[in-house]
Amino acid sequence: QVQLVESGGGLVQAGGSLRLSCAASGRTFGSYAMGWFRQAPGKERDFVAGITWSGGITYYADSVKGRFTISRDNAKTIVYLQMNSLKPDDTAVYSCAAGLMINRVLRGECDYWGQGTQVTVSS
């Protein structure tokens, strides 16, 4: 069982930065691939970034590539999403998720989900 709690969301101006954190409970955290997803009002949930259990391989949606960075600290059981050069289109609820297989995480087929944190980017 893994419980996920996101933090770090807020209101930021376009061009600014935020760092989201996803704190995980459970001793098996290091076995899970992790992903960040976002859902804007009236839209479907989209994949943002993913990372393998070791942190050795990362994946990004084209819309955030070069601006966002996913990382993890298995000792602290935390996953981060550093978001730079934010745009109004990045406004959404951001959720982290965990799954045993990275290819399933990338498709949104995750075993555990957090509640999400709101990110609002003003123009």
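For region 53-64, a tally of residues being under 13 Å from the mean Cα position of the chain (by Cα) and either more than 12 Å from Val105 (Cβ to Cβ) or polar (S, T, N, Q) (or both) returns 4. Screening region 55-123 for strands (runs of 3 or more DSSP E) wholly inside it with 2 or more residues that are open to solvent by 50 Å² or more (accessible area, probe 1.4 Å) and under 20 Å from Ala24 (Cβ atoms) returns the ranges 58-60.
Residue count for region 43-54 under the criterion of being modelled with pLDDT of 95 or more and part of a loop (DSSP other than H, G, I, E, B): the result is 4.
Pairs meeting the criteria (first residue in region 75-103 and closer than 21 Å to Asp62 by Cα, second residue open to solvent by 60 Å² or more (accessible area, probe 1.4 Å) and among the basic types (Lys, Arg), beta carbons under 9 Å, at least 6 apart or on different chains) are Tyr80/Arg19; Leu81/Arg19; Gln82/Arg19; Met83/Arg19; Ala92/Lys43; Ala92/Arg45; Val93/Arg45; Ser95/Arg45.
For region 16-37, a residue qualifies if it is surrounded by 23 or more Cβ atoms within 10 Å (Cβ to Cβ) and either touching a helix residue (DSSP H, G or I) at 6+ places or on another chain (Cβ under 6 Å) or assigned to a strand (DSSP E or B) (or both), and the qualifying residues are Leu20, Cys22, Ala24, Ala33, Met34, Gly35, Trp36, Phe37.
The values are calculated or read from the model by the stated rules, or taken from the named source; none is laboratory data. Just so it is clear, the model here is predicted, and its values are computed rather than measured. When we count neighbours, we look across all protein chains shown, and the Cβ atoms used for this are built from the backbone with ideal geometry, even at glycine. SASA here: full protein model, heavy atoms, side chains in, ligands and nucleic acids out. Shrake-Rupley method; radii C 1.70, N 1.55, O 1.52, S 1.80 Å.
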